[in-house]
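Asks: Below is one structure. I have some questions about it.
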Amino acid sequence: MRQTLLLICIFISASLAETVRGRVLDPSGAVVPRATVTMESRDGSVRRSARADGSGRYEFAAVAPASYLLRAEAQDFSPSELSGVTVTADLERDLRVELARLSARTTVTAATTAQSTDEVAKALDVIDAEEIGRRQEYSLTEALRLTPGIRIMQLGGPGSFTRIHTRGLRAFDTSLLIDGFRFRDAAAPQGDGSGFFSDLLLAGASRVEVLRGSGSSLYGTHAMGGVVNMVTESGGAPLHGEIGLDGGGLGMARGIAKLSGGTWNDRLRFSGAASHLNVTRGVDGDDRARTSMANGWAQIALGPRSTLSGRVMANDTFAGLNVTPFASPVSALPTTIPAPAIEGRTFNTSLNDPDSRRATRFTSALVNFTQQLSSTASARVSYQGLSTSREARNGPGGLSFQPAFNNSNILDGRLDTLQARGDVTAGRHHQFSFGSEYEREDYDNLSADENPNAAARTRAQVRVKQANHALFAQDQMRWFSDRLLVSLSGRWQDFRLASPEFRGGRPRYAGIALPQPPRALTGDAAIAYVASSTGTKLRAHMGNSYRAPALFERFGYSFFAGNFSAFGDPRIAPERSIAFDAGFDQYLASQRVRGSGTYFYTRLQEVISFDFSGLINARTDPYGRSSGYRNTGGGLARGVELSVQAQATRKLFFQAGYTHTNADERLSTLIGGSVRSIRVSDHMFTALVTQRFGKHWDATLDFFGSSSFWWQMFAGGNRPFLFPGPKKADLVVNYSRPLGDRRTLQWFTRIENIFNRTYYEDAFRTPKAWAVTGIKFLL
């Protein structure tokens, strides 16, 4: 009976919903077979794709009345211009691909709604599946490496801890989103997602969007420097996918499988992907790492105007860890400030640690119900549950500073987010988005050791819960025939902190009065003026952001060899910042060349720092701390981002970027009194060239280089060390052979660090030249 009712509902949906169809044409008007057409609703709730048939015709069935963006892509052509349509009845719309030109892309990160990149008034880049495929990137962080203003620091080979630094700020100042929802670890020291950056494989990702600048008014905590949004595949007929295997240097092997499609006239759409990465040798021959990741997505049309979708993503990772690099004895160091970083003379790099390892896993589930109220209004209710777990184990083996016996530290986090929002287009000039969000986070930390003296063993656990409620609103305005674009947004957020629970150890925080965290109020304004006749866009963006204190910063502790130390301070206040950027985007040479330039300025007004300098007095501190977290003055980062892209011919593409960053701290913590920020290079340069050879071959060469940077090392006190910046070039060669109309066999080889350069990140040695080769079967 239930199945019959479901089929009746689907039949009614088919009879009431609309159809969008048309042809894909080339510049001469001839049809282009087997092109891929994507359709995305303006409110960002619908993403669909279809493949044109042999006669160039495409079709989307069961389309709810709303405003959409359409785009066509085909091999050997540049994508069509984004076509905005409003569906109120069956619609016929032809799309024309171009021979050699740059076109706008769809993005949802700049405003939480779908826009053309030409409409965005902020500094934003999109890395789509085509670029990821040309470069044969396997991880999120490697895909980001060439983005202006972004610095990727991987502390070793594949599977090693990796940081994302945006515009000279700290790693936790970049907010990570998956399908528009925050991905962060509630149990991390700063409550961010950086502990999982190296584990995020790109299986199932359709594109990656990077918003630089403040983003807290849209995305809440941590979005002080920027936002990275990984958008997953949305499925849709016809059935398509791939299966692949590659391996080679460093003992690396990887397998990937993807499948997407639709049924019931595309009213039920689905996608799924799985990937496994295994490294057996790594940089020093014993840097083992393995990561498994899978995700699945499905959406069903419940009626002509309503959809229900769900997405599940899971990851499991293991990695062997090395000894943290440490400085040579002070007597062996030169007196110059900073000291030159010379392996074996002034510092020792990441030596092998046979019994140190980490194990991480996460599970993310997202459910979304959307109701299209009319062609100009929609409502959406979404829930995300995110569980994270990180375990670090270490023992007495290895050199340098090691514990006397085995110990473990397990950090479990849980985030539950419920969001209700509405999107309304009011006339020609306004698009409003507004809503409410409730989030609950749970922090659970268990520390234990294997002290041979059973009476002295440590098994300390703390659990804390916090909840917050937010209200947000945004108005996107268009004036003067869409030449003037203005966006205003704001967010109000309130926090409620529960009393912590302690088991074992010494509960320094037990029985104390807990001050409630202060509210956060953030705002954002962006403006752009577009001169279509000259291909010019001028833009400016300003906003303030915040980072809520992590529960570890409030109640964190550590132990070593059975000794317990409190680090957190429940009274700590949020971090706050203000940022501004302004720039231009300019098309040239009949839209074959696009240049961009941005000046940025970010001031960290108040931050949370870990103080080990003795300024915390154990006698007067209510928690008996001599070191730990406290509020201090922040810092300042400003600079310039320049980039150029050129579709020189149908088969030759080039892009290059340059970033200058000047980052300073408000107070010096370094010997010599310098306020220069560590880990920040003054200059960064990127380049990429892709050349197609005939119908089957293409090659891509990319390069990242940076100037030197300062870094502090364990046992080096406050002495800065000067490290040369990395200079790394990668080469990818692809060969594709069609096997009929829909199947393709692809072979590729990727050579990393082809110039065989030695460089260090945070004093960890990185791989010299290495290569992998692989094969893929695409459906």
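Asks: In the list Arg47, Arg71, which residue meets the criterion of being in contact with a Ser or Thr (Cβ under 9 Å, 6 or more places away or on another chain), buried (at least 19 other Cβ atoms within 10 Å of the Cβ), at pLDDT below 85 and charged (D, E, K, R)?
Replies: On inspection, the qualifying residue turns out to be Arg47.
Asks: Among the residues of region 85-98, write down those that are open to solvent by less than 10 Å² (accessible area, probe 1.4 Å), farther than 27 Å from Phe434 by Cα and more than 31 Å from the chain's Cα centre (by Cα).
Replies: Result: Leu95, single match.
Asks: Another question about this same structure. Return the residues of region 328-352 that are in a loop (DSSP other than H, G, I, E, B), small (Gly, Ala, Ser) and either surrounded by 19 or more Cβ atoms within 10 Å (Cβ to Cβ) or touching a residue at least 24 places away in the same chain (Cβ under 8 Å) (or both); say none if nothing qualifies. Write out each step before concluding.
Replies: At the first step, the residues of region 328-352 found to be in a loop (DSSP other than H, G, I, E, B) are 328-329, 333-338, 341-342, 344-346, 349-351.
Right, trim to small (Gly, Ala, Ser) and you get 328, 341, 344, 350.
The answer is Ala341, Ser350.
Asks: Does Ser565 fit the bill of being at pLDDT below 95, in a strand (DSSP E or B), closer than 30 Å to Tyr509 by Cβ and open to solvent by less than 70 Å² (accessible area, probe 1.4 Å)?
Replies: Working: at pLDDT below 95: yes; in a strand (DSSP E or B): yes; closer than 30 Å to Tyr509 by Cβ: yes; open to solvent by less than 70 Å² (accessible area, probe 1.4 Å): yes.
It is true that Ser565 is at pLDDT below 95, in a strand (DSSP E or B), closer than 30 Å to Tyr509 by Cβ and open to solvent by less than 70 Å² (accessible area, probe 1.4 Å).
Asks: With respect to the numbered conditions (1) hydroxyl-bearing (Ser, Thr, Tyr); (2) within 23 Å of Ala111 (Cα to Cα); (3) in contact (Cβ under 8 Å) with a residue 60 or more places away in the chain, which one is the sole condition not fulfilled by Tyr383?
Replies: (3)
Asks: Based on this model, can you work out whether Phe704 counts as within 19 Å of Glu142 (Cβ to Cβ), under 22 Å from the mean Cα position of the chain (by Cα), modelled with pLDDT of 95 or more and open to solvent by less than 20 Å² (accessible area, probe 1.4 Å)?
Replies: Answer is yes for this residue.
Asks: From the list Pro507, Pro517, exactly one residue is within 28 Å of the chain's Cα centre (by Cα), in a loop (DSSP other than H, G, I, E, B), surrounded by 17 or more Cβ atoms within 10 Å (Cβ to Cβ) and modelled with pLDDT under 85. Which is it?
Replies: Pro517
Asks: Among the residues of region 658-677 satisfying the criterion of being open to solvent by 50 Å² or more (accessible area, probe 1.4 Å) and in contact with a Pro (Cβ under 9 Å, 6 or more places away or on another chain), which is nearest to Gly635 (Cα to Cα)?
Replies: That would be Arg676.
Asks: Show me the strands (runs of 3 or more DSSP E) found entirely inside region 225-302 where at least 3 residues are of a type in the set (Gly, Ala, Ser) and either open to solvent by less than 30 Å² (accessible area, probe 1.4 Å) or touching a strand residue (DSSP E or B) at 6+ places or on another chain (Cβ under 8 Å) (or both). Step through it out loud before you land on a result.
Replies: Details: elements: 226-232, 240-248, 252-263, 268-279.
In region 225-302, 240-248, 252-263, 268-279 are the strands (runs of 3 or more DSSP E) which contain 3 or more residues that are of a type in the set (Gly, Ala, Ser) and either open to solvent by less than 30 Å² (accessible area, probe 1.4 Å) or touching a strand residue (DSSP E or B) at 6+ places or on another chain (Cβ under 8 Å) (or both).
Residues checked against (1) closer than 22 Å to Ala289 by Cβ; (2) over 27 Å from the mean Cα position of the chain (by Cα):
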| residue | (1), (2) |
| --- | --- |
| Gly310 | no, no |
| Val323 | yes, yes |
| Ser331 | no, yes |
| Thr335 | no, yes |
| Asn352 | yes, yes |
| Thr360 | yes, no |
| Ala377 | no, yes |
| Gln384 | no, no |
| Asn406 | yes, yes |
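Asks: Test each condition in (1) open to solvent by 50 Å² or more (accessible area, probe 1.4 Å); (2) assigned to a strand (DSSP E or B); (3) not hydrophobic (A, V, I, L, M, F, W, C) for Ser387 and report the one that comes out false.
Replies: For Ser387, the failing item is (1).
Asks: Another question, then. Given the conditions (1) on the phi > 0 side of the Ramachandran plot; (2) under 21 Å from the mean Cα position of the chain (by Cα), and given that Ala223 satisfies all but one, which numbered condition is not satisfied?
Replies: (1)
Asks: List pairs: first in region 439-454 and among the aromatic types (Phe, Trp, Tyr), second open to solvent by 20 Å² or more (accessible area, probe 1.4 Å) and part of a strand (DSSP E or B), Cβ under 6 Å, 6+ apart or cross-chain?
Replies: Once the first residue is among the aromatic types (Phe, Trp, Tyr) and sits in region 439-454, no partner that is open to solvent by 20 Å² or more (accessible area, probe 1.4 Å) and part of a strand (DSSP E or B) comes close enough.
Asks: Now, a different point. Give the residues of region 99-123 that are open to solvent by 10 Å² or more (accessible area, probe 1.4 Å) and β-branched (Val, Ile, Thr), sorted by residue number.
Replies: Across region 99-123, the qualifying residues are Thr106, Val108, Thr112, Thr117.
Yes or no, residue by residue, for (1) among the β-branched types (Val, Ile, Thr); (2) modelled with pLDDT under 95; (3) surrounded by fewer than 20 Cβ atoms within 10 Å (Cβ to Cβ):
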position	(1), (2), (3)
Gly694	no, yes, yes
Ala729	no, no, yes
Tyr735	no, no, yes
Asp741	no, yes, yes
Val772	yes, no, no
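Asks: Follow-up. With the requirement that a residue be open to solvent by 50 Å² or more (accessible area, probe 1.4 Å), in contact with a Phe, Trp or Tyr (Cβ under 7 Å, 6 or more places away or on another chain) and at pLDDT 95 or above, what does region 595-614 give you?
Replies: Tyr601
Asks: For region 743-759, does any single residue satisfy the condition of being in contact (Cβ under 8 Å) with a residue 40 or more places away in the chain, on the phi < 0 side of the Ramachandran plot, surrounded by fewer than 17 Cβ atoms within 10 Å (Cβ to Cβ) and part of a loop (DSSP other than H, G, I, E, B)?
Replies: No, there is no match, as no residue in region 743-759 is in contact (Cβ under 8 Å) with a residue 40 or more places away in the chain, on the phi < 0 side of the Ramachandran plot, surrounded by fewer than 17 Cβ atoms within 10 Å (Cβ to Cβ) and part of a loop (DSSP other than H, G, I, E, B).
Asks: Determine which member of the set Arg390, Arg311, Arg357 is over 30 Å from Ala114 (Cα atoms) and at pLDDT 95 or above.
Replies: Only one candidate qualifies: Arg390.
Asks: Additional query: Give Thr425, Thr363 a once-over and let me know the one that is part of a strand (DSSP E or B), closer than 25 Å to Ala548 by Cβ and not small (Gly, Ala, Ser).
Replies: The unique qualifying residue is Thr363.
Asks: Need pairs with beta-carbon distance below 6 Å; first residue touching a residue at least 24 places away in the same chain (Cβ under 8 Å) and within region 129-158, second assigned to a helix (DSSP H, G or I) and aromatic (Phe, Trp, Tyr); sequence gap 6+ or separate chains.
Replies: Pairs found: Thr141/Phe197.
The values are calculated or read from the model by the stated rules, or taken from the named source; none is laboratory data. None of the values given here were measured: they were computed from a predicted structure. Positions of Cβ are backbone-derived with ideal geometry, glycine not excepted, and every protein chain shown enters the neighbour counts. What goes into the accessible areas is simple: the full protein's heavy atoms, side chains included, and nothing from ligands, DNA or RNA. Shrake-Rupley method; radii C 1.70, N 1.55, O 1.52, S 1.80 Å.
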